[in-house]
1. Taking the stretch 336-346, which residues are touching a helix residue (DSSP H, G or I) at 6+ places or on another chain (Cβ under 8 Å) and either more than 22 Å from P263 (Cβ to Cβ) or crowded, with 23+ Cβ neighbours inside 10 Å (or both)?
2. Report, by residue number, each residue of the stretch 292-315 that is in a helix (DSSP H, G or I) and buried (at least 23 other Cβ atoms within 10 Å of the Cβ).
3. Could you check the stretch 155-180 and list, in sequence order, the residues that are aromatic (F, W, Y) and under 15 Å from H307 (Cα atoms)?
4. With the condition being touching a residue at least 12 places away in the same chain (Cβ under 8 Å) and within 18 Å of E323 (Cβ to Cβ), I'd like the strands (runs of 3 or more DSSP E) fully within the stretch 58-166 carrying at least 1 qualifying residues.
5. Any residue in the stretch 71-88 that is of a type outside the set (D, E) and on the phi > 0 side of the Ramachandran plot?
6. Please specify each residue of the stretch 351-379 satisfying the condition of being more than 13 Å from P64 (Cβ to Cβ) and of a type in the set (A, V, I, L, M, F, W, C).
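No value in this document is a laboratory result; all are computed from the given coordinates. Predicted model, so just to flag it, every value in this text is computed and none were measured. Note: ideal-geometry Cβ built from the backbone for every residue, glycine included; neighbour counts use all protein chains shown.
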Amino acid sequence: MLTIYGKANKNHRYCDRVSRRGFLRIGSLAMGGLTLPQLLRAEEAAGAGRSHKAVIMIYLCGGPPHQDMYDIKIDAPKEIAGPFRPIKTNVPGIEISEHLPRMAAMMDRLIPIRSLSDCLGDHASYQCMTGRSSRNPPAGGWPAMGSVVSKYQGPTTPGVPPFVSACYTTQHKPYNEPGAGFLGIGHSSFRPKGPGRGDLVLQGITTERLADRKSLLSSFDRMRRDVDASGVMEGMDAFNRRAMGVLTSSGLFKALDLSKEDPRTLARYGSGDENKPKGDGAPRVPQNFLLARRLVEAGARVVTVNHSFWDFHGNNFKRAKEELPVLDKAVTALVDDLHQRGLDQDVSVVVWGEFGRTPKINKNAGRDHWNRVSCALLAGGGMKTGQVIGATD
């Protein structure tokens, strides 16, 4: 057993005189002396290791107006409340926007968070993707969450990258994902909607010739690795292994092919044109929520999706009436799909943007940036759903 002791702190002790942050014990796991190898064997015997945990992150570029979605203030003055009315949900005491009727009907499977606070207020995906501030990052930058999972968990299935991004490249560059940061290129996302699209084609090369090229590449790599002291080659090795796996396995191809899906299922999600971005954000393509489900089923651990454009400085209510029903349909189809397929305990869904919008409506009938409070919607992952977390005044 390995025990790592930290610095003692007399202000943070349990009754057994051990500091709350004082140690990390690997081996006992505080479960009747059950060691980590024993726990893993028990999980395997129970079949627990045959599935994998996954996250689908849906990023709403621009910052959605949460007080017109999950936190409507009907008693506020009209310059704050706006015209949207709340409706009852299938959980007594929880009300949300009239423009989210499908979510209202399955609130027992959802968790609105009304009190995310202290965002940066920047139009950037950085905080959502990394969980970190973009201010004063370490050398190389903070890695995206999917990159961290790629580093420490690795792939579940040969040929399916652990981190897949279904995000489109946006005109406003900070909306785009920040990358693998200091973890290196080997743990960056695979992007079939962006630069990774070209990696899916062998360009006339047979698998036999691909194997020859792999052998040639390996011999060059051995030579370069001998003279490389920067660690770059290690990242390139991981990148090359992933590329070879993608090209020689059909799992990823099948997951990306929505024509294989039941047309009735596709219709439940809705559809949009990926060639028509909204503003300087992403296109409104709800079928990518279905794509995300197919990717986690195929073995991906983290799938990110960027969806439409939510920077409503003007005409907030007109634009929200266009966007909310599409989001409502796609999110509920995804959550329903996960439950029907028995994935709701293993796949967590989070829907959010980078910050909230001002309580006060501006002269252009819009809401401006408001970093003091914002929202998120959670589902799946074995979480205790059917509740609201947080409140605002």
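1. L338, D344
2. First, the residues of the stretch 292-315 that are in a helix (DSSP H, G or I): 292-298.
A292, R293, L295, V296, listed by residue number.
3. Hits for the stretch 155-180 are Y168, Y175.
4. Ranges flagged: 86-88, 95-97, 110-117.
5. To start, the set of residues in the stretch 71-88 that are of a type outside the set (D, E) comprises 72-74, 76-78, 80-88.
Retained after the next criterion (residues that are on the phi > 0 side of the Ramachandran plot): 82.
Within the stretch 71-88, one or more residues are of a type outside the set (D, E) and on the phi > 0 side of the Ramachandran plot.
6. Hits for the stretch 351-379 are I361, A365, L378, A379.
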